[in-house]
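Below: the structure, in structure tokens.
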Amino acid sequence: MARRLRCYDCGNAYDCKDRTRCSCGEPLWFDVDAAGFEWPNEPRSAGMWRYRDVLPVRNGDGPVPGPTPLVRADRLDEYAGCRLSLKHEGVNPTGSFKDRGTAVGVAAAVDAGDEWIGTVSHGNMALSTSAYAAAAGLDCAVFVPADTPPERLKLIARHDPCIFRVDGDYGQLYADTLDLDTEVTFVNSDTPLRVAGQKTIAYEISNARPRPPPTRSRSQSAVAATRARFGRRCANSRRRA
């Protein structure tokens, strides 16, 4: 299992698994030694947990994200300038790729004996975190901007989290929650636990292909960290191929 943390930018390494930022200010990822990694033979029903050997937790007891379909989009090949396939993450339990990082974050919180998990989001990540927290019997704190529309708040509230509406800079709120002296484990968009789960998208794609992955992959996501970790995962696969 991955335990050590490393900065994706400057390369600094840390043994403290609770740390979320490097001293240079950039996000940390779990450092994975993939030298002895072998593609799993477990049934597809195990979902993303088929790749537990490269995750910081062994398993989760809640809804299982993945595997999601990799669908050929041949009608878009000419427009894209390549053979294009689309990863349909909408079939995950709450309809989002966020479920992958949430599953790892909640499993880690349960393993640590934590009672609370939280996130800063007013969309898919909030819904995902609250749903998985409810399934695991954890309390959940969701911080949202004060001007979040009532319709969106109603959706987030489906799994009964504690919702905090906060005035001010939303981007700063994200950073401030990670510095809070609190018992809440925050799993924000680029914290190490969330990154670890979301990289399983790339493992699934690589596992499904009968040949080494392409030199270029496109991840359409609002989260820049997802694109970065996806690219690094594909690079690691090419080195092992």
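Scanning region 1-18 for residues that are in contact with a Pro (Cβ under 8 Å, 6 or more places away or on another chain) and in contact (Cβ under 8 Å) with a residue 24 or more places away in the chain yields 1, 2, 3, 5, 8, 17.
Of the residues making up region 1-37, those that are surrounded by fewer than 17 Cβ atoms within 10 Å (Cβ to Cβ) and of a type in the set (A, V, I, L, M) are 1, 13, 34, 35. For residues that are of a type in the set (Gly, Ala, Ser) and in contact (Cβ under 8 Å) with a residue 60 or more places away in the chain, tally how many sit in region 125-166. The qualifying residues number 3. Of the candidates 90, 137, 118, the single residue that is at pLDDT 95 or above and under 22 Å from residue 205 (Cα atoms) is 90. Residue-level check: of (1) among the hydrophobic types (A, V, I, L, M, F, W, C); (2) surrounded by 20 or more Cβ atoms within 10 Å (Cβ to Cβ); (3) touching a Pro at 6+ places or on another chain (Cβ under 9 Å); (4) closer than 16 Å to residue 198 by Cβ, residue 131 misses just (4).
The values are calculated or read from the model by the stated rules, or taken from the named source; none is laboratory data. Everything quoted here is computed from the prediction, not taken from an experiment. Reconstructed Cβ throughout: ideal geometry from the backbone, glycine too, with neighbour counts over all protein chains shown.
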